[in-house]
Amino acid sequence: MKPTYLVNWEMVNDGAFRELGHDVLARRTAEIGMHLHAWDSPPLDPLTSDDAMQHPYLIDYPEDRMREKVGMLTDRLEDVFAVKMVSHRAGRWGFNAAYARILADHGYRVDCSVTPHRSWRNVPGAEGGPGGPDYTRFPDRPFWYEFGSGRLLEIPVSTVRVEAPFFLRGLRRLAGRPAHRVLWLRPNGHNLTDMLYLLDRAEREGRDYVQFVLHSSELMPGGSPTFRTGDQIERLYDHLDILFTHASACFIGGTLGEYADAYVHEGLGAEAPPDGVDVERTAMRA
């Protein structure tokens, strides 16, 4: 499997990661992309009373400040690793049409911030803000953001919506829970069966990719709330062994940029914005 390391300001300035990044790029075993956390990526102008606590989305900022932050992190990544940045994921999944245009203007070709069937509206950013994006109406297949000056390929995170059995739907609604679950390839130590189901369903549906998601901090004990102990990390690695072995029967490893190349040059998928999704006004906050 070939990872795409989506890198924020802290990691591009970390000596250990720079050493790793240069090594994998030299051996062509991974790709370096960009991942922007707005509250600690320069230029640093406080947006809230406590940005470090509230973690505002980049889309909470004025567009000129968004552009400056994207430009500074892009320049830093390209200076450090001496390669063009082409792939991106927004911090906290916060994305909109203005953000997509900014990325296209900086030469990015791929975004992977969309989480189909998931809404982040109830996840606050800046105080008084509208929360995160609502991706519930977005497709789970790639599509283009088209602009007069260019375009950007969206490769949505791999998710599937699973409806609860009929006899449980009413009980779930009474408990204030949705009548469905959203599965994605993001391990939590307890969802191996769900991830294997997603792989099998993706194959049945003829999907030409699946996208696995994990933070690097989740690979060490205590680096995240999800995996706190050494035993939990060992369980995670056991699950990854099973998951990757299962996936290798149907899929081959590739980075975001490599998939984008195949999408364009080999004619994968449909090269058009999705029907029924108004990128500017309805589904994304412009």
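The values are calculated or read from the model by the stated rules, or taken from the named source; none is laboratory data. In this text the structure is predicted, and so the values were computed from the model without any measurement. Because the Cβ atoms are built from the backbone with ideal geometry, glycine has one as well, and the counts that use them run over all protein chains shown. For accessibility, only protein heavy atoms count, side chains too; no ligands or nucleic acids. Shrake-Rupley method; radii C 1.70, N 1.55, O 1.52, S 1.80 Å.
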_Just to be sure before I move on: is His35 within 30 Å of Glu163 (Cα to Cα), open to solvent by 10 Å² or more (accessible area, probe 1.4 Å) and either outside any helix (DSSP H, G or I) or touching a Lys or Arg at 6+ places or on another chain (Cβ under 7 Å) (or both) in the structure I sent?_
no
*Can you give me the number of residues within the range 178-213 that are touching a Lys or Arg at 6+ places or on another chain (Cβ under 7 Å) and of a type in the set (A, V, I, L, M, F, W, C)?*
3
*asked:* Given the criterion under 22 Å from Tyr5 (Cα atoms), modelled with pLDDT of 95 or more, in a loop (DSSP other than H, G, I, E, B) and more than 11 Å from the chain's Cα centre (by Cα), identify the matching residue among Gly132, Gly107.
replied: Gly107
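From the list Ala82, Ala98, pick out the single residue that is closer than 17 Å to Asp111 by Cβ, modelled with pLDDT of 95 or more and either polar (S, T, N, Q) or out of contact with any Ser or Thr (no Cβ under 8 Å at 6 or more places or on another chain) (or both).
Numbers: Ala82 fails: closer than 17 Å to Asp111 by Cβ.
One residue alone meets the criteria, Ala98.
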*If you go through the range 252-261 one residue at a time, do you hit one that is over 19 Å from the mean Cα position of the chain (by Cα) and either at pLDDT below 95 or surrounded by fewer than 15 Cβ atoms within 10 Å (Cβ to Cβ) (or both)?*
yes
*Can Leu219 be described as of a type outside the set (S, T, N, Q) and open to solvent by less than 60 Å² (accessible area, probe 1.4 Å)?*
no
*Cross-chain or 6+ apart pairs with Cβ under 8 Å, the range 76-91 first and farther than 13 Å from Leu6 by Cα, then of a type in the set (S, T, N, Q) and open to solvent by 30 Å² or more (accessible area, probe 1.4 Å)*: Arg76/Asn13
_Would you confirm whether or not the range 69-86 contains a residue that is open to solvent by less than 50 Å² (accessible area, probe 1.4 Å), part of a loop (DSSP other than H, G, I, E, B) and hydroxyl-bearing (Ser, Thr, Tyr)?_
no
_Residue in the range 43-57 that is among the hydrophobic types (A, V, I, L, M, F, W, C), surrounded by 14 or more Cβ atoms within 10 Å (Cβ to Cβ) and under 17 Å from the mean Cα position of the chain (by Cα) present_ = no
_Can you tell me which of (1) hydrophobic (A, V, I, L, M, F, W, C); (2) within 26 Å of Gly128 (Cα to Cα); (3) over 17 Å from the mean Cα position of the chain (by Cα) is the one Val24 doesn't meet?_
(2)
_Looking only at residues that are buried (at least 17 other Cβ atoms within 10 Å of the Cβ) and among the hydroxyl-bearing types (Ser, Thr, Tyr) in the range 120-153, which one is farthest from Leu103 (Cα to Cα)?_
Tyr135
